[in-house]
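The structure under discussion appears below in the form of structure tokens.
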């Protein structure tokens with residue numbers, strides 16, 4: 001594997017390069033929304049007093065700048081793309097925290113839990129629109145082809161649409177007892193892979209790179225997204241709360257059908273059955289099932305629930321401990337580790353398909369390894 | 001005033017013209033989101049069974065097609081713009097219903113109350129992105145200048161950003177005791193005027209019309225938006241529930257600081273004071289106020305509430321009746337009626353600034369009069 005020294009420098013350099021454009025973009029928001037977004041980004045406390053709280057690592061903007069450089073352009077060409085994907089990513093975090101009912105992110109209360117659900121919905125909506133404004137106003141390279149900002153905006157809309165569809169699948173899965181490994185991976189490809197694919201190629205789009213180059217970088221990002229999600233799901237069960245910023249065993253407590261759980265359930269056998277009953281509750285008895293069906297024939301049923309009911313209350317600490325052990329025994333942990341490695345290899349392979357500028361190529365690879373080896 | 005006969009035909013013609021493109025756009029959504037959007041648009045019931053429920057009148061798409069025609073182009077050139085503004089409008093309705101806690105729209109349960117808040121957030125997000133996809137993929141007129149879809153997308157993003165900022169102001173105003181008439185009108189210009197201004201000019205943008213033409217049509221739409229909101233606010237207090245589809249006196253019940261209320265409060269005098277106490281609750285006593293201030297100096301205060309507290313529970317039916325009378329006696333009803341007429345006149349005046357194609361010019365004017373004279 002490529003050594004990962006230097007990645008903190010890449011991330012710090014990116015933060016510095018995009019900071020003025022990020023501030024300028026957020027400054028365009030109305031004062032109330034600006035406060036909520038500044039709070040979310042760790043730039044201010046809830047009363048608007050400046051601070052510098054640790055938040056995301058900024059993987060997506062780093063990919064965006066490196067993709068411009070890898071396509072033989074100045075990294076700064078990728079800045080509008082880096083800002084746009086960072087805005088979209090944060091729009092999705094703010095809305096996801098409402099949808100999932102999460103009250104804490106990076107050891108701080110989430111936007112909706114501080115400012116209310118209504119304001120958090122509006123803040124996310126505003127960031128989604130702002131991202132397109134940034135791109136559609138991006139200056140075209142002097143002497144270059146016109147419409148690169150529009151092409152980048154179209155690529156961003158495509159990535160965002162896939163991300164939102166993935167989030168819809170995720171919500172639908174929560175209500176279902178059976179989710180196959182294939183469905184789980186398709187959901188992760190949409191929810192995480194599409195935006196990372198966009199991030200890793202948007203700088204090349206802005207640089208006017210050939211289709212093959214843009215495609216290879218997009219595939220790199222999409223595969224990296226799957227590896228990223230695999231690691232995220234591992235950390236959601238076995239991560240150290242001190243470094244992840246989330247409660248221990250958070251995903252199992254919330255009965256999330258993450259990769260390790262879905263893989264473990266698919267393994268079959270007694271322990272998988274015990275895990276299924278623990279995470280999804282006892283299988284519904286036939287009588288209750290029939291009553292539900294009759295209700296539907298009556299035309300009295302509400303919207304389709306997508307299958308049998310799954311309990312909503314969180315698992316107890318003892319149940320989380322037992323479920324964690326069962327996921328591991330059923331091979332869910334190892335399966336996910338293998339998938340993380342396989343998607344990392346596929347990502348690195350995609351970079352070999354075209355001729356990229358050597359140093360940014362190396363840094364993209366370093367960043368990918370860092371993503372998979374991270375502990376938070 | 002121009003006669004309004006023919007407006008139902010204009011709206012029906014628009015519905016028919018954009019139907020295939022609307023269906024094609026919604027078909028791109030993931031199955032769960034597609035169901036929620038189809039339900040919201042009145043195309044299906046909550047279980048996905050086809051139906052045709054009455055929903056919005058489709059003013060915005062009609063403006064979009066007419067603006068292409070007014071700019072001497074075929075109305076069909078405006079179709080991607082018409083679809084995009086209709087998608088943005090419906091995204092805002094779905095999210096607004098969550099934010100306002102409204103359970104009914106057009107006599108049907110709102111999306112969030114049927115499918116849950118999480119799914120409704122996702123459905124709105126998906127429509128916001130879809131609108132940009134539709135525009136960024138719009139074919140340029142053969143032989144015409146390139147980048148018209150991108151210009152339309154940029155105009156839509158600008159209109160959407162203003163609309164969202166207006167919604168943020170609206171939410172902020174709910175927590176405040178004092179909102180000036182100027183602030184109220186600025187909020188309406190952002191929340192309603194900006195997207196109507198976009199709708200009334202986006203067809204001209206897609207037609208490649210000169211800046212002056214686009215500007216005149218945008219001003220027409222923005223002024224029409226203020227007239228539209230004035231009428232909406234009048235209907236929100238004095239409208240017939242049978243035609244509006246909302247409970248009688250809905251806006252006063254919810255203590256909304258709509259135009260008639262803000263104008264009435266600004267009138268001053270005993271009856272305005274009574275109205276203020278009824279709608280905003282008794283003025284906070286000085287002791288409570290001081291305690292709040294000390295809390296803030298302690299650094300113990302939460303996020304800024306934007307002023308003194310306003311009660312949140314709905315008004316009783318008797319209180320709504322009394323408040324309705326007080327708004328009228330303080331001149332709030334007449335003031336709003338005068339404003340509706342003044343903004344309609346300003347809208348019609350904007351159309352005179354440039355040379356537009358005669359028939360669509362006349363139909364735009366008819367539509368504007370219809371909007372102000374509507375009763376639902």
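Every number here is computed from the coordinates shown, using simple stated rules; none is lab data. All figures in this text were calculated on a predicted structure; none of them were measured in a lab. Quick reminder, even Gly has a Cβ in these numbers, built from the backbone with ideal geometry, and neighbours come from all protein chains shown.
Observations
- For segment B:181-271, the gyration tensor built on C-alpha atoms gives an oblate shape. Its axis ratio a/c (a ≥ b ≥ c) is at least 1.5, and a/b is not larger than b/c.
- On the rotation that sends chain A to chain B, the chain A Cβ lying closest to the axis gives residue and distance in whole Å as A:150, 2.
- Inter-copy label distances at residue B:245 (7 Å, Cα→Cβ; nm, one decimal): 4.2
- With eigenvalues of the C-alpha gyration tensor scaled by 5 and rooted, chain B, Å: 37, 24, 20
- Within the listed set A:79, A:202, A:99, the residue fluctuating most in the Gaussian network model of chain A (springs between alpha-carbon atoms under 10 angstrom) is A:99.
- Note: relative contact order over chain A, using C-alpha pairs below 8 Å and six or more positions apart, is 20 percent.
- Each peptide in A:229-237, A:328-336, B:30-38 was scored by the mean count of other Cβ atoms within 10 Å over its residues; highest first, the order is A:229-237, B:30-38, A:328-336.
- Projected onto its three principal axes, the C-alpha set of segment B:27-163 covers 47, 26, 26 Å, listed from the longest axis down.
- The mean sequence distance of close C-alpha pairs (under 8 Å, at least 6 residues apart), as a share of the length of segment A:36-167, puts its relative contact order at 20 percent.
- Stokes-Einstein D for segment A:225-282, Kirkwood Rh over Cα pairs, 37 °C, 0.692 mPa s (µm²/s): 274 µm²/s
- Here segment A:99-214 is treated as a Stokes sphere of Kirkwood radius computed over C-alpha pairs; at 37 °C and 0.692 mPa s its diffusion coefficient rounds to 199 µm²/s.
- The protein assembly as shown - Kirkwood radius from inverse mean 1/r over Cα pairs (Å): 27.6 Å
- Comparing A:29, A:224, A:265 in a Gaussian network model of chain A, where Cα atoms under 10 Å apart are tied by springs, the biggest mean-square fluctuation is seen for A:29.
- Helical contribution to [θ] at 222 nm, DSSP H n ≥ 4, -39,500 (n - 2.57), averaged over the protein assembly as shown, rounded to 500: -22000 deg cm²/dmol
- Shortest first, residue B:178 label-point distances to identical copies amount to 6.5 nm, with the label point at 7 Å from Cα along Cα→Cβ.
- Calculated label separations, residue A:211, copies of the chain, 7 Å along the beta-carbon direction, nm: 3.6
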